[in-house]
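Undergrad: One structure, pasted below without further comment.
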Amino acid sequence: MLAYASVIKKSKGQLMLEKINSISDLKKLSVEQLPELCREIRALLVDVVTENGGHLASNLGVVELTVALHYVFDETDKIIWDVGHQSYVHKILTGRRDAFATLRKSGGLKGFPDVNESPSDIFNTGHSGTAISAALGIAKARDINKENFNVIAVCGDGALTGGMTFEAMNNIGGTKMLIVYNDNQMSIGKNVGSTAAMSRMRVGRYDLRKEKTKKFLMSIPLIGKPILNMLRWFKRVLKLGVFDTNLYFNSFDIKYVGIVDGHSIKKLVTYLSGIKNNVIRPTILHIRTVKGKGYEPAEKEPQKYHGVSPKSEKVLISMSEIVGKTLADLADENSNIVAVTCAMTDGTGLSVFDQRHKDRFFDTGITEEHAVTFCAGLAVEKMKPYFAVYSTFLQRGFDQVLHDVCMQNLPVTFCIDRAGLVGADGKTHQGVYDLSYLLSMPNMTVLSPSDDTQLIDMLNYSVSFNSPLAIRYPKSIENSFALRFNGGWNEIRKGNNGTIIATGNRMLINAIAIAKKLDLSVIYAATVKPLDFNALNKLKTEPIVFTLEENVLSGGFGEAVLGYLSQYGTKTVCYGVPDEFIEQGEIPEQLCFCGLDEKSLFIKINFELNELKNQK
């Protein structure tokens, strides 16, 4: 029986959650009723996420926190969720419970906060490390406008390892805001959590009394200020010598409170109420949670259940696993090969490399900018670094790729996973921009394997390649063509009415299907930069050339082909992702929206061919 249905069956009356249609409904409950509400929410999470796919373990871990935040703070207060993959409970409590079954489906609830979905979603998130910066901007604007609301940034899952987090805290400068650090055993330093006793003493009216004491002492002529300075010195000595309080957050002049049990709803309500009512400076509330809490499989394997696939998902050929195994095999023979990733060891397939070559494997945390330059440093010392990263996250290291790798012409290989449309993760995670920004970089070579065979060939080719190299590929593929990589393009079939040049597995599948119906030639572009000019020169006299790519048209592969063939007057028509953010849905739905599915492409290409005939 489904978990939520089981809860309904055991309930003698209406479920508590069924009565929660807004935050005002939540506030009608007593604190004693909240644990039962959390149990019902967990059951709903398990049912919907295991069916639809999505982030399960992270949301199970923040049930009590989310309930407590909305129970204590007001609807006018603003909560910003870092990454936002842990915001499902927030959606359930803020008027979206009835629509929760549509999570991550086309036209349904987003898997991340979205300001267009609800006024309760304050800021669009999807990448880690942005919440504190956004929250600080909102808090500063509040102060400038002399408004009165609380601002809360909820961080966790490695967000505090990212550079933006440090930069934001360095600029916090006394601004009143709360940072909830959701720690699921991924501590950021040995001192974190060593001051629980002192924190409990300071969460009451400490700040208000301190401010009154400061004003009183400053009002005493001559001796007031020296006394205040002496008390400050004495407090620092006491903290360092006796309490050993958290020096990391103190260095940013941020008040530290913790560690608090993140699954004790009563404790969370107590601490959050104390902070809300009495603290007037930037504050960190450090809570400890268990990822996957309340669902035994997720508690035992939180990494496996961090993101789950929908039940209906096909079993496909995993390009990520191929990369991990191939690199591990290559590293057996080459001691200079090292692998780097950003908190995505399993997602990028590098767990096997980690197991076999632990001394040459580096997980840098959520630090794409650092990881790219780190790879550049490795390359300077004659190592052969491979950076496995999702396409959407490599965007964050654009400057480092250009400035630190390409400008120095260093042999760093970028294994760009999740290239192209990504399905249910939606607009924050689409991998449809990498061709456009990589093609603009001098010294960069860009490869796009048609299938698993070409991917292995390209990885073998990369070992002796001595310049920046990017290999882009989707998470998985359905069809394998057994094409070999020969350093250029592959001629797939000959036709009489024109040529389709495709790059990417899904585009090749469509190209072949359409070409058979319309008597067209098909070429696969395995090298996107540089273009295969020998192959292009043979197309100068073609009646028409079509390009297909799973990348935005602007600055992409098609524009490069168009720019070259236009000098010969060859009619070239480009198809790719339109100039807009592509919402969530299944990949076939997204292809259809972009006009890149087989049916849409057939109609458009057939129209162009008929137009060409009419002109003759």
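Undergrad: Tally Lys/Arg at +1 and Asp/Glu at -1 over every other residue whose Cβ is under 13 Å from the Cβ of LYS27; what's the total?
TA: Neighbour charge sum, excluding LYS27 itself: -2.
Undergrad: Additional query: Need the full-extension length gain, GLU333 to LYS267, defined as separation in residues times 0.36 nm minus the C-alpha distance. One decimal, nm.
TA: Working: separation 66, 0.36 × 66 = 23.76 nm, distance 5.48 nm.
Result for the pair: 18.3 nm of gain on full extension.
Undergrad: Among rounded, prolate and oblate, which fits region 393-496 when a ≥ b ≥ c are the square roots of the eigenvalues of its C-alpha gyration tensor, a/c under 1.5 means rounded, and a/b larger than b/c means prolate?
TA: Here region 393-496 falls in the oblate category.
Undergrad: Now a separate question. Ordered by residue, what ³J(HN,Hα) values in Hz, to whole numbers, does region 26-43 give under the Karplus form 6.51 cos²θ - 1.76 cosθ + 1.60, where θ = phi - 60° and Gly and Pro are x?
TA: Each residue's phi maps through the Karplus curve to give 4, 5, 6, 7, 7, 4, 5, 7, 5, x, 5, 4, 4, 5, 5, 5, 4, 4 Hz.
Undergrad: I've got another one for you. Just tell me which lysines come within less than 29 Å, Cα to Cα, of LYS214; anything on the same chain fewer than 8 places away is out.
TA: Answer for LYS214, where 29 Å is the Cα cut-off: LYS140, LYS146, LYS176, LYS225, LYS235, LYS239, LYS255, LYS276, listed by chain and number.
Undergrad: Once the Cβ-Cβ distance between VAL31 and GLU580 is put in as r, and R0 is 35 Å, what FRET efficiency do you end up with, to the nearest 0.05?
TA: Approximately 0.15, to the nearest 0.05.
Undergrad: So which aspartates and glutamates can LYS27 reach, going by Cα to Cα under 12 Å and dropping same-chain residues fewer than 8 places off?
TA: ASP74, GLU75
Undergrad: Still on this model: Within the P(r) computed for region 40-188, what percentage of the Cα pairs occupies the region above 17 Å? Write down the numbers at each step before the final one.
TA: Working: 6647 of 11026 pairs.
Cα-Cα pairs in region 40-188 separated by more than 17 Å: 60 percent.
Undergrad: Just rank TYR575, TYR564, fewest to most, by other beta-carbon atoms within 10 angstrom.
TA: Fewest-to-most Cβ neighbours within 10 Å comes out as TYR564, TYR575.
Undergrad: Let me ask something additional. How would you order 502-513, 537-548 from highest to lowest mean count of nearby Cβ atoms within 10 Å? Working shown, then result.
TA: Working: 502-513: 24.7, 537-548: 18.3.
The most tightly packed comes first, giving 502-513, 537-548.
Undergrad: On C-alpha positions alone, give me the angle between the axis of helix 265-278 and the longest principal axis of the chain, in degrees, nearest 10.
TA: 70 degrees
Undergrad: Given H placed 1.01 Å from N in the peptide plane, which residues other than close sequence neighbours of ILE259 have an amide H under 5 Å from its amide H?
TA: THR195, ALA196
Undergrad: Counting only pairs 8 or more places apart or on different chains, how many lysine pairs in region 498-616 have C-alpha atoms closer than 17 Å?
TA: So the count works out to 11.
Undergrad: Figure the gain on full extension for GLN303 and LEU612 (residue separation times 0.36 nm, minus the Cα-Cα span) and round it to one decimal in nm.
TA: Value of the extension gain: 105.8 nm.
Undergrad: Assuming R0 = 25 Å, can you tell me the calculated FRET efficiency for the pair GLU75 and ASP143, based on Cβ-Cβ distance, to the nearest 0.05?
TA: Numbers: r = 20 Å, r/R0 = 0.81.
It comes to 0.75.
Undergrad: Moving on to the next point. When the dipole is taken about the Cα centre of the chain, and only Lys, Arg (+1) and Asp, Glu (-1) are charged at their Cβ, what size is it in debye, to the nearest 20?
TA: With Lys and Arg at +1 and Asp and Glu at -1, about 2420 debye.
Undergrad: How many percent of Cα pairs in region 427-545 exceed 17 Å?
TA: 58 percent
Undergrad: When Lys and Arg each count +1 and Asp and Glu each count -1, what net charge do the other residues less than 13 Å away from GLU583, Cβ to Cβ, add up to? Before the final figure, lay out the partial values.
TA: Working: positive: ARG104, LYS105, LYS110, LYS427; negative: ASP114, GLU117, ASP425, GLU580, GLU586, GLU589.
Net of charged neighbours comes to -2.
Undergrad: Taking the inverse of the average 1/r across all pairs of different Cα atoms in region 490-615, what Kirkwood radius in Å do you get?
TA: By the Kirkwood definition, the hydrodynamic radius is 14.6 Å.
Undergrad: Still on this structure: Identify which of the listed values of Cα extents along the principal axes in Å was calculated from the structure shown: (1) 93, 63, 49; (2) 60, 59, 54; (3) 94, 58, 45.
TA: The value computed from this structure is option (1).
Undergrad: In terms of the Cα gyration tensor, with a ≥ b ≥ c the square roots of its eigenvalues, is region 356-421 rounded because a/c is under 1.5, prolate because a/b exceeds b/c, or oblate?
TA: oblate
Undergrad: Moving on. Answer with one residue from PHE393, ASN124, VAL315: the one whose Cα lies farthest towards the positive end of the charge dipole of the chain, charges on Cβ with Lys, Arg +1 and Asp, Glu -1.
TA: Farthest towards the positive pole: ASN124.
Undergrad: Would you list which aspartates and glutamates come within 17 Å of LYS358, measuring only between C-alpha atoms, while excluding same-chain residues fewer than 8 positions from it?
TA: Here the aspartates and glutamates satisfying the reach criterion relative to LYS358 are ASP329, ASP332, GLU333, ASP346.
Undergrad: Among VAL545, LEU591, SER30, whose Cα lies farthest out toward the positive end of the dipole of the chain, if unit charges sit on the beta carbon of Lys, Arg (+1) and Asp, Glu (-1)?
TA: SER30
Undergrad: So how much slack lies between ASP98 and LYS494, counting 0.36 nm per residue of separation and subtracting their Cα-Cα distance, in nm? Provide the component values of the computation, followed by the final result.
TA: Values: separation 396, 0.36 × 396 = 142.56 nm, distance 5.36 nm.
Gain in length upon complete extension: 137.2 nm.
Undergrad: Based on Cα positions only, what radius of gyration and what Dmax would you give for region 317-477, in angstroms?
TA: 14.0, 41
Undergrad: Apply the Karplus curve 6.51 cos²θ - 1.76 cosθ + 1.60, θ = phi - 60°, to the phi angles in region 409-414 and return the couplings in whole Hz, x for Gly and Pro.
TA: 6, 8, x, 9, 9, 9
Undergrad: Rank VAL405, HIS370, ILE501 by how far each Cα sits towards the positive end of the charge dipole of the chain (+1 on Lys, Arg Cβ; -1 on Asp, Glu Cβ) and give me just the farthest.
TA: Of the listed residues, the answer is HIS370.
Laboratory data are not the source of any read-out in this text; all were calculated from the coordinates shown. Note that the structure is a prediction, hence the values are computed from the model and not measured. Neighbour counts run over all protein chains shown; Cβ positions are idealised from the backbone, glycine included.
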